1. Looking for whichever is under 21 Å from F116 (Cα atoms), hydrophobic (A, V, I, L, M, F, W, C) and over 15 Å from the mean Cα position of the chain (by Cα) here; the options are W42, W49. Which one fits?
2. Within the stretch 30-73, which residues are hydrophobic (A, V, I, L, M, F, W, C) and not in a helix (DSSP H, G or I)?
3. Got a number for residues in the stretch 95-121 being assigned to a helix (DSSP H, G or I) and surrounded by fewer than 18 Cβ atoms within 10 Å (Cβ to Cβ)?
4. List pairs: first in the stretch 74-98 and over 15 Å from W49 (Cβ atoms), second among the small types (G, A, S) and loosely packed, with under 13 Cβ neighbours inside 10 Å, Cβ under 9 Å, 6+ apart or cross-chain?
5. Every residue in the stretch 48-66 that is closer than 23 Å to A88 by Cβ and exposed (fewer than 12 other Cβ atoms within 10 Å of the Cβ), please.
6. Among the candidates A71, A45, which residue alone is in contact with a Pro (Cβ under 9 Å, 6 or more places away or on another chain), surrounded by 12 or more Cβ atoms within 10 Å (Cβ to Cβ), among the small types (G, A, S) and at pLDDT 95 or above?
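The values are calculated or read from the model by the stated rules, or taken from the named source; none is laboratory data. Predicted, not measured: the structure shown is a model, and the values here were computed from it. Counting neighbours? That spans all protein chains shown, and the Cβs are built from the backbone with ideal geometry, glycine included.
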Amino acid sequence: MSGVFATPRPVPHGKLPALGGTAVVVGALPVFALAGWSLGAWAIAAALWAAYQAIGLALQRLPLGGDNLRAAGLVAFGRMTRAVVLVAILIAVAVSNAGLGLPAAAVYGLAFTVEFVLSIVAYLGGEPKL
């Protein structure tokens, strides 16, 4: 099993994982509407998800590699920070209004998990670099 994770692979494109997470957010809207849950909570999750994806797209445009250490460092810092900041916003909303924050966190968390799992599958499904 360690060979699978130790083998370097090219970074896959993130369109499919992002679409999977977005499908979770979009699919949650009718669930919220039919269940009579707060659409404000869904809107918070959707707005944070859109911000997460927009930051990801901006970071994706920066060049990576040994020739671009500054840009690579910015991308690494940006990818770590965007999730932390957006989750901090969710926590702040949940502390101030649990009825809004907790459902929003559930939708955002599920979307993030789906995107993460699809990203891992895409990476492990790629051809190993030789």
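1. On the way: W49 fails: over 15 Å from the mean Cα position of the chain (by Cα).
Step by step, each of W42, W49 is checked, and only W42 is under 21 Å from F116 (Cα atoms), hydrophobic (A, V, I, L, M, F, W, C) and over 15 Å from the mean Cα position of the chain (by Cα).
2. Let us first name the residues in the stretch 30-73 that are hydrophobic (A, V, I, L, M, F, W, C), namely 31-35, 37, 39, 41-51, 54-55, 57-59, 62, 64, 69, 71-72.
Matches in the stretch 30-73: W37, L62, L64.
3. Taking the stretch 95-121 first, the residues assigned to a helix (DSSP H, G or I) are 95-96, 98-121.
Add one more test, that the residue is surrounded by fewer than 18 Cβ atoms within 10 Å (Cβ to Cβ), and what stays is 95-96, 98-99, 102, 106, 109-110, 113, 116-117, 120-121.
Residues meeting the conditions: 13.
4. G78/A58
5. A54, L57
6. Numbers: A71 fails: at pLDDT 95 or above.
The match here is A45.
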